[in-house]
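Here's the structure we're looking at; comments come further down.
The values are calculated or read from the model by the stated rules, or taken from the named source; none is laboratory data. Predicted, not measured: the structure shown is a model, and the values here were computed from it. Heads up, the Cβs are rebuilt from the backbone with ideal geometry, glycines too, and the neighbour counts pull from every protein chain shown.
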Amino acid sequence: MKERESLIIGSLTVFMLVLWLGFLAHSSSRFAGSLAGGILAISGSALMMVPFAYVFAKRIKWLKTRITKFISMRSLLTIHIYAGILGPILVLMHTGHKFESTLGMTLTAMTIVVVISGYIGRYLLKHISTEVREKKLLLTNAQDMYQQTMTELQARPDQRIAIKSFTGMLSKFFLSIEKEPEFALPVEVRAIRLSESIADLEYAIKSHETFKGWFGKWLKVHFAISWILFGLLVMHVWGAVHFGLRWSDSWAPTTLTSQYQPAITSDDAPEKFSNSFARLYKEHWRPNVTIHGYRTTVFNYAGLAKESKISQSDFNQAVTSLRRINPHGFQNTDQKKAFWINVYNFAAMKLVAEQYPVDSITDKKISWRGDPWGLDAVEIGGKNYGLRQIEKEILLGKFKDLRIIFAVSCAAVSCPDRTDSIFYGKNLNKQLDDMVRNLFANRTKGLSIQKNEMKITLSWILKADKDLFDGKENPTLIDFVLKYAPAKHTAWIKANEDKLKIEFFEHDWTLNDTAQADAIKKRT
Amino acid sequence: MAKKKKKNKWPWILAGAFILLGVVWFLTPDDARFKHANVWQSLTSPGPLSESHAFLENNCAACHAPVTGVEPSKCIVCHANNTDLLKRQPTAFHAHVTSCKECHLEHNGKNMLPTGMDHAAMAKIGMRALSRNKDPQSGDQVALANLKHWMQMNNTRVGGENLKPMEKLLNCYTCHQNDDQHFSLFGKDCAQCHTVQQWDIPQYRHPSSSSRDCSQCHQAPPSHYMMHFGMISQTVAGKHKAKVRECFACHQTTSWPDIKGVGWYKHH
């Protein structure tokens, strides 16, 4: 069994070397990156990872105890050896004998070196060890016999003198021509012969052990070069992915993508967008719902999600008309402002609808990092925009109107209520004012007054963007509140302005979704 | 005990190596060679670029994108609107082909032209383009289904034994019409005789040099139907009674200007 394994591995190693030398006769520049080449590469390198199982199992105690329940270390070593030779054979086939790049050549050389080092360690060094063991056995036998002969010799002291003449090189010659059986030889000759054998054996063992000593560091070398090979392999795989996998063509889109085509904009696109969005909004907007104690407006996100999957729905018409809008084509500032607010609200709605059902816009399904505001949400005139970019760079950056932070939807129950329609340039001012007034009239999340505690609690939105109310370019927080708070409270707030304690409502990221309504939840 | 100590030194060596790397990184100037990505990238270069692209040798990202590799958009950055190419019938297909890298291979050496026609690749690109257009109204899906059906029973196509299945899908005439010296008298299916590797047909044997049926295939030049024939052609050859369709009377099969009894004669 052992010999057979040794023979198979030996032949495979030779085969690998011959395979590598094939580049002298043949070289294919395209094979390595083809589908067949790719399959060979992946299966080959997967096999090259298998030997690590043995390495880790051998060194990590808890892993060893667990693994040896299912498979013995001996079998693992056999797997280590076979995978360690078959993997390199496959990857050598993958090369197609094209050795051009520095990395490729180093990787190939390293693969071969690692396999050969493994072979040397497993089969050649083992051979030396067996030999040393056998010679040691012979040595003990010879020493025993020598002891016996010496006792015999001591019994006859007269013959001790005779030995002298037989020592040296000549004696060896003299003894070797004598063909008599050993037991028939005179005792003194036997003694000399044995002592010589012992010396020979000791010398052989010593030289073998020196040899073994040289290779004693073999395992460390094998280990170190294997790790270098692994590092090179990682670089090679990185290179392949980074510069493109040719065989992935069959499913990767190689047609000209829309971002390289000039955006085709049309003048009626803004109107089309606002019409589709308005219809969509009206269809799915619901007022006066209570979720987690917040009185709020909601959207029927389930319905929106359904529409997102129908090709000619208002939802998708809004998406397509957005693509054809030239965002720099608006003449009127209010129209432009209204457009971007609508785009923000639509984009937030779209992010949720496309991943629905979710419980919040911060759901991992929408953004695994929990940052939906950084995602590319909509495409306008051939360019992608994200929520943060629209709010911070465009809306707040260009228009400097603090009401905007209330107008953009954060798709959560504790945010300002959504107005009953989308925003329009022609009565934008009124719409924005109404929106903020509406919030401050809402005691569950906008403005709540505790007169006995001299405390007002404000919407969390004001806390999040507190820095904007600096009293220079923008009004201070209190001034802003006074401007929009219900008339019945303003007098009291103004009177106690200096003594007031300002607190903020807790924020609740729950989605402003019909399905989240308390009444529905109770029923189910 | 001693053994255990020996085992523990590795983390220190590794940590030391990392720290050393960090120190080297900070102490060396910013423009040190090993700090340039392209130096590392060049390790993976599978061969030099052709001469015309050689200026991109250190700029892998000019053509390569992760995973998808060489994208047509990156070629188009420089190669768009090549009107000479697009107006020429045999190369006009470039206007619709959506992928470049199949035929325009690179990294094959400085002196190699990065162009090699691959008919099968062109067919594949076409099929891919059809399969990606899911719009039922475009008719692409129907065309694709027909093509696939045709491919299955495609051995019905006469001739073209040397063609790959994908190549059989192509209509030779779309691009090679102008190469047809037979004035479509042999039909439009060039692959009945020609292959994609070469236009000439090595197996073709010209009829015997003593054959007299030349005019079955060959047509005389326009000048032979004018006064030029009597004044020059017949006079030069010394065959005053030779007729235009009796090519063999004056010409030899070595070459048309090789005139019997006169030798190489090229009038113009």
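Tabulated results
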{"read-out": "Residue in segment A:265-278 that is within 22 Å of residue A:429 (Cα to Cα), buried (at least 16 other Cβ atoms within 10 Å of the Cβ), at pLDDT below 85 and not basic (Lys, Arg) present", "value": "no"}
{"read-out": "Where residue A:476 falls short, out of the listed (1) over 46 Å from the mean Cα position of the chain (by Cα); (2) at pLDDT 90 or above", "value": "(2)"}
{"read-out": "Filter result (in contact (Cβ under 8 Å) with a residue 40 or more places away in the chain and surrounded by fewer than 13 Cβ atoms within 10 Å (Cβ to Cβ)) within segment B:67-90", "value": "B:89"}
{"read-out": "Some residue of segment A:80-89 being at pLDDT below 90 and surrounded by 15 or more Cβ atoms within 10 Å (Cβ to Cβ)", "value": "no"}
{"read-out": "Index of the failed condition, residue A:247 passing every other in (1) part of a helix (DSSP H, G or I); (2) touching a helix residue (DSSP H, G or I) at 6+ places or on another chain (Cβ under 7 Å); (3) modelled with pLDDT of 85 or more", "value": "(3)"}
{"read-out": "Residue in segment A:322-329 that is in contact with a helix residue (DSSP H, G or I) (Cβ under 6 Å, 6 or more places away or on another chain), assigned to a helix (DSSP H, G or I), at pLDDT below 90 and farther than 19 Å from residue A:405 by Cα present", "value": "yes"}
{"read-out": "Qualifying positions in segment B:217-233 - within 25 Å of residue B:207 (Cα to Cα) and in contact (Cβ under 8 Å) with a residue 12 or more places away in the chain", "value": "B:218, B:220, B:224, B:233"}
{"read-out": "Members of segment A:30-83 that are of a type in the set (D, E, K, R) and in a helix (DSSP H, G or I)", "value": "A:58, A:59, A:61, A:64, A:66, A:74"}
{"read-out": "Criterion (modelled with pLDDT of 75 or more, part of a helix (DSSP H, G or I) and buried (at least 16 other Cβ atoms within 10 Å of the Cβ)) met by exactly one of A:146, A:203", "value": "A:146"}
{"read-out": "Flag if residue B:62 is surrounded by 12 or more Cβ atoms within 10 Å (Cβ to Cβ) and over 22 Å from the mean Cα position of the chain (by Cα)", "value": "yes"}
{"read-out": "Residue, modelled with the lowest pLDDT, within segment B:119-143, restricted to residues that are charged (D, E, K, R) and surrounded by 17 or more Cβ atoms within 10 Å (Cβ to Cβ)", "value": "B:128"}
{"read-out": "Flag if residue B:251 is under 30 Å from residue B:92 (Cα atoms), at pLDDT 85 or above and surrounded by 11 or more Cβ atoms within 10 Å (Cβ to Cβ)", "value": "no"}
{"read-out": "Residue list for segment A:8-29, restricted to those being assigned to a helix (DSSP H, G or I), over 18 Å from residue A:229 (Cβ atoms) and out of contact with any His (no Cβ under 6 Å at 6 or more places or on another chain)", "value": "A:8, A:9, A:10, A:11, A:14, A:15, A:18, A:21, A:24"}
{"read-out": "Residues of segment A:1-51 classified as over 19 Å from residue A:99 (Cα atoms) and surrounded by 15 or more Cβ atoms within 10 Å (Cβ to Cβ), total", "value": "9"}
{"read-out": "Residue satisfying all of: in segment B:37-52; outside any loop (DSSP other than H, G, I, E, B) and away from chain A (no Cβ under 12 Å); nearest to residue A:95 (Cα to Cα) among these", "value": "B:38"}
{"read-out": "Boolean, residue B:87 is out of contact with any Ser or Thr (no Cβ under 9 Å at 6 or more places or on another chain), of a type in the set (Lys, Arg) and more than 11 Å from chain A (Cβ to nearest Cβ)", "value": "yes"}
{"read-out": "Residue count, segment A:486-500 (criterion: of a type in the set (D, E, K, R) and touching a residue at least 24 places away in the same chain (Cβ under 8 Å))", "value": "1"}
{"read-out": "Exclusive hit being aliphatic (A, V, I, L, M) and in the same structural domain as residue A:288 (by TED's automatic domain parsing), set A:441, A:411", "value": "A:411"}
{"read-out": "Matching residues, segment B:104-117, being within 19 Å of residue B:170 (Cβ to Cβ) and surrounded by fewer than 17 Cβ atoms within 10 Å (Cβ to Cβ)", "value": "B:115, B:116, B:117"}
{"read-out": "The one condition in (1) more than 12 Å from every other protein chain (Cβ to nearest Cβ); (2) exposed (fewer than 10 other Cβ atoms within 10 Å of the Cβ) that residue B:24 fails to fulfil", "value": "(2)"}
{"read-out": "Index of the failed condition, residue B:187 passing every other in (1) touching a Lys or Arg at 6+ places or on another chain (Cβ under 9 Å); (2) free of Cβ contacts under 8 Å to residues at least 40 places away in the same chain; (3) within 30 Å of residue B:87 (Cα to Cα); (4) of a type outside the set (Val, Ile, Thr)", "value": "(1)"}
{"read-out": "Residues located in segment B:53-74, provided they are more than 9 Å from chain A (Cβ to nearest Cβ) and in contact with an Asp or Glu (Cβ under 7 Å, 6 or more places away or on another chain)", "value": "B:53"}
{"read-out": "Selection within segment A:101-122 - surrounded by 18 or more Cβ atoms within 10 Å (Cβ to Cβ) and within 14 Å of chain B (Cβ to nearest Cβ)", "value": "A:101, A:103, A:104, A:107, A:108, A:110"}
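Results for (1) in contact with a strand residue (DSSP E or B) (Cβ under 6 Å, 6 or more places away or on another chain); (2) surrounded by fewer than 18 Cβ atoms within 10 Å (Cβ to Cβ); (3) touching a residue at least 24 places away in the same chain (Cβ under 8 Å); (4) of a type in the set (Ser, Thr, Tyr), shown as yes or no for each residue.
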residue: A:337; (1), (2), (3), (4): no, no, yes, no
residue: A:344; (1), (2), (3), (4): no, no, yes, yes
residue: A:351; (1), (2), (3), (4): no, no, yes, no
residue: A:365; (1), (2), (3), (4): no, yes, no, no
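Listed here are the residues, each with its yes/no results for (1) surrounded by 17 or more Cβ atoms within 10 Å (Cβ to Cβ); (2) hydrophobic (A, V, I, L, M, F, W, C); (3) assigned by TED's automatic domain parsing to the domain that holds residue A:396; (4) touching a residue at least 12 places away in the same chain (Cβ under 8 Å).
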residue: A:450; (1), (2), (3), (4): no, no, no, no
residue: A:454; (1), (2), (3), (4): no, yes, no, yes
residue: A:479; (1), (2), (3), (4): no, no, no, no
residue: A:508; (1), (2), (3), (4): yes, no, no, yes
residue: A:514; (1), (2), (3), (4): yes, no, no, yes
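Quick grid of which residues meet (1) within 11 Å of chain A (Cβ to nearest Cβ); (2) within 15 Å of the chain's Cα centre (by Cα); (3) on the phi > 0 side of the Ramachandran plot:
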site	(1), (2), (3)
B:76	yes, no, no
B:81	no, no, yes
B:102	yes, yes, no
B:106	yes, yes, no
B:112	yes, yes, no
B:131	yes, no, no
B:135	yes, no, no
